[in-house]
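Q: Before I ask anything, here is the structure I am working with.
Bear in mind these aren't lab numbers, they're just calculated from the coordinates by the rules spelled out. Here the structure is a predicted model, which means the values were calculated and not measured. Here the Cβ positions follow ideal geometry from the backbone for every residue, glycine too, while neighbour counts run over all protein chains shown.
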Amino acid sequence: MIPTPPDLAQFERVALETVAGFPPAFRAGAQNVVLRVVDWPPAQMIEEMNLLHPIELTGSYVGIPMTQKSMFDMAPQADVVWLFREPILAEWRLREGVELDQLIAHVVVHEFAHHFGWSDEDIAIIDQWWL
């Protein structure tokens with residue numbers, strides 16, 4: 001019998017635990033970011049990113065990075081870190097020796113790094129995960 005994959009609530013629990021484990025300065029900077037955990041990325045997001053299939057996107061940061069914000073800016077909406085359960089599960093199935101909670105935490109850290117102003121190139125310099 002194939003075990004039932006973890007539900008959205010477990011993904012959210014792991015994500016919240018990951019954020020709670022950030023060093024204090026980063027944890028404080030993450031407090032105003034909304035965390036959304038859904039099964040699939042919205043179609044509009046896939047189109048805007050010119051992706052061929054939603055399976056390609058495990059997470060996304062939507063907002064203005066802290067390094068680009070000004071106290072004079074009026075943000076039209078809250079910054080959001082999205083996690084996409086089905087693409088994360090698909091990635092996990094392809095990676096041997098990686099615990100699912102570890103992969104979820106990794107995606108959370110990656111997306112919050114964008115909130116803190118890091119580009120994918122910046123992240124890749126110190127994070128060899130995807131190589």
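Q: With the crude spin-label approximation of a point 7 Å out along Cα→Cβ, what separation in nm comes out for Glu48 versus Glu96?
A: Using points 7 Å along Cα→Cβ, the separation is 3.9 nm.
Q: Would you mind computing Rg(Cα) / (2.2 N^0.38 Å) for the stretch 1-94, counting N as its residues?
A: For the stretch 1-94, the normalised Cα radius of gyration comes out at 1.23.
Q: Would you calculate the separation in nanometres between label points at Leu8 and Asp120, each defined as 7 Å from the Cα along the Cα-to-beta-carbon direction?
A: Between Leu8 and Asp120, the simple spin-label model gives 2.6 nm.
Q: Say the dipole of the chain comes from +1 at the beta carbon of Lys and Arg and -1 at that of Asp and Glu; which of Val108, Pro41, Ala30 then lies farthest toward its positive end?
A: Farthest towards the positive pole: Ala30.
Q: With +1 on each Lys and Arg Cβ and -1 on each Asp and Glu Cβ, and nothing else charged, work out how big the dipole of the chain is about its Cα centre, in Debye to the nearest 20.
A: Here the size comes out at about 320 debye.
Q: Relative contact order, percent, of the stretch 25-91 when contacts are C-alpha pairs under 8 Å separated by at least 6 residues?
A: Taking the mean separation of contacting Cα pairs over the length of the stretch 25-91, I get 49 percent.
Q: Antiparallel versus total DSSP beta bridges in the stretch 21-131: what percent is that, nearest 5?
A: The antiparallel proportion sits near 45 percent.
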